[in-house]
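Any read-out appearing in this document is the output of simple, stated calculations on the displayed coordinates, not a laboratory observation. Predicted model only: the values in this text are computed from it and were never measured. Ideal geometry is used to build each Cβ from the backbone, glycine not excepted, and the neighbour counts take in all protein chains shown.
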Amino acid sequence: MAIGVFDSGVGGLSVCHRLVDRFPAADFIYLADQANTPYGGRPGEEIVDLTRAGCERLFAEGCNLVVLACNTASGVALRRLQQTWLPGYRRALGRPVNVLGIIVPTIEAATGLPWEHEAERRGDKVEKLDILAVFSTPATAASRVYEIEIDKRRQDVAVFSEPCPQLAPMMEAGAGPDDFAPIIAAHVAAVTKRIGRSPDRAILGCTHYEIVGDQFRAALPAGTPLIHQPQATADALVRYLERHAEYDPGHGAVRRFLTTGRPGAQSSLVEAFWGAPLSFERA
């Protein structure tokens with residue numbers, strides 16, 4: 001068995017990289033749906049269908065767990081798949097399989113509270129708000145998942161989402177690091193203007209953005225804490241596997257990279273982030 005990692009493109013490599021660090025002996029199969037990237041501007045039903053197809057492919061390759069390393073897929077498709085597709089698929093397959101997302105662990109990291117926690121609604125005025133900026137794809141921003149779920153748990157945290165439609169497509173097209181700086185700076189300036197001041201913290205709410213995380217750190221005020229989804233996801237997966245012994249992550253340190261798009265080498269930016277050459281097989 002193996003752990004599958006799915007994303008619309010190369011952004012999920014940021015999550016996969018952290019998972020490989022945390023589980024060095026485990027087997028990982030990464031699938032990038034580059035034939036259909038980006039997901040951020042697609043209708044919800046398309047996102048659900050594409051995400052299901054990606055999970056099916058990874059299960060067919062021998063994975064028993066799939067991590068959706070994509071905020072758009074996690075925010076738009078995950079609950080639908082868990083509720084309406086996975087139960088019947090497990091029965092047909094005859095073995096345990098599951099799909100996990102990255103938004104739940106990110107919200108747990110942002111709030112410091114378990115997912116099950118819901119705050120009591122009180123009429124008291126909050127004296128000091130913690131302002132959290134979320135940089136994301138348009139679809140993730142439109143879902144308002146971060147605003148809704150964080151507000152359920154913490155009334156002293158105000159979330160401002162900033163959709164960044166250009167960044168993921170640029171990375172998939174092979175843009176270099178210098179190409180991102182002015183666009184990221186403009187998005188930081190835009191959300192700062194809407195807030196009326198700089199955010200106290202920020203979430204890079206698209207896994208592509210972790211690959212250019214240094215550009216976000218440079219654009220934000222010095223010392224602004226970033227909540228890192230790869231780290232939060234790895235921590236959550238450790239806890240999940242401790243509770244679910246039925247999911248064997250494998251022990252051969254296998255690393256495979258699949259794409260529905262053009263196979264072969266990836267951009268120098270992505271390979272520099274990964275720390276080694278990357279060659280993708282055709283899915």
- prompt: What ranking do SER14, SER198 get, fewest neighbouring Cβ atoms within 10 angstrom at the top?
  reply: SER198, SER14
statement: Length gained, GLN82-ALA186, 0.36 nm per residue minus C-alpha separation, equals 33.7 nm
message: Could you identify which residue out of THR37, THR207, THR72 has the top mean-square fluctuation in a GNM of the chain using Cα springs shorter than 10 Å?
response: THR37
- prompt: What FRET efficiency would be calculated for the residue pair GLU118, ASP49, taking the C-beta separation as r and a Förster radius of 30 Å, to the nearest 0.05?
  reply: 0.45
- request: Identify which of the listed values of Kirkwood radius over Cα pairs in Å was calculated from the structure shown: [x] 20.0; [y] 19.2; [z] 20.8.
  value: [y]
message: From the phi angles alone, apply the Karplus equation (6.51, -1.76, 1.60; θ = phi - 60°) to the range 206-219 and give each ³J(HN,Hα) in whole Hz, x where the residue is Gly or Pro.
response: 9, 5, 4, 5, 4, 5, 10, x, 5, 6, 5, 4, 5, 7
query: Counting alpha carbon pairs within less than 8 Å and at least 6 residues apart, what relative contact order, in whole percent, applies to the range 112-228?
result: 30 percent
query: For the chain, what is the calculated [θ] at 222 nm in deg cm²/dmol (nearest 500), taking -39500 (n - 2.57) for each run of four or more DSSP H residues and dividing by its residue count?
result: -12500 deg cm²/dmol
task: Treat every Asp and Glu Cβ in the chain as -1 and every Lys and Arg Cβ as +1, leave all other atoms uncharged, and give the resulting dipole magnitude about the Cα centre to the nearest 20 debye.
output: 360 debye
task: Using only Cα atoms, tell me the angle between helix 177-195 and the longest principal axis of the chain; keep it within 0 to 90° and round to the nearest 10.
output: 50 degrees
- prompt: Taking the chain as a Gaussian network, where each spring joins two C-alpha atoms under 10 Å apart, which residue of VAL270, VAL20, VAL134 fluctuates the most?
  reply: VAL20
message: Less than 12 Å Cβ to Cβ from ASP7, Lys/Arg counted +1 and Asp/Glu -1: what total charge do the surrounding residues give?
response: -3
query: So, counting K/R as plus one and D/E as minus one, what does the shell of residues with Cβ under 14 Å around ALA73 add up to?
result: -1
message: Suppose every Lys and Arg Cβ carries +1 and every Asp and Glu Cβ carries -1, with no other charges. What dipole size does the range 212-283 come out with about its Cα centre, to the nearest 20 debye?
response: 180 debye
message: Apply the a/c threshold of 1.5 to the C-alpha gyration tensor of the range 63-220 and tell me whether it is rounded, prolate or oblate.
response: oblate
- request: Nearest 5 is fine: what % of DSSP beta bridges in the chain come out antiparallel, could you say?
  value: 5 percent
query: Dipole magnitude of the range 112-228 about its Cα centre, charges +1 at Lys/Arg Cβ and -1 at Asp/Glu Cβ only, in debye to the nearest 20?
result: 400 debye
- line: The set of residues whose placed amide H lies less than 5 Å from the amide H of VAL157, leaving out same-chain residues fewer than 5 positions away, is ASP130
5 angstrom amide H check on ALA35, placed H, neighbours 5+ away: THR260, GLY261
- prompt: Which Cα, out of ILE203, ALA189, LEU167, lies furthest along the positive dipole direction of the range 112-228 (beta carbon charges, K/R +1, D/E -1)?
  reply: ALA189
message: Using the Cα centre of the chain as origin and beta-carbon charges of +1 (Lys, Arg) and -1 (Asp, Glu), tell me which of GLY44, VAL10, GLN266 is placed farthest towards the positive end of the dipole.
response: GLY44
- request: For the chain, set up a Gaussian network in which alpha carbons nearer than 10 Å are linked by springs, and say which option among LEU13, LEU65, LEU269 fluctuates the most.
  value: LEU269
query: For labels at ARG217 and ALA272 in the simple 7 Å Cα→Cβ model, what's the distance in nm?
result: 1.4 nm
- prompt: For the chain, what is the relative contact order in percent, using Cα pairs closer than 8 Å and at least 6 residues apart in sequence?
  reply: 28 percent
task: With label points built 7 Å along Cα→Cβ from the Cα atoms of LEU129 and ARG243, find their separation and express it in nm.
output: 3.2 nm
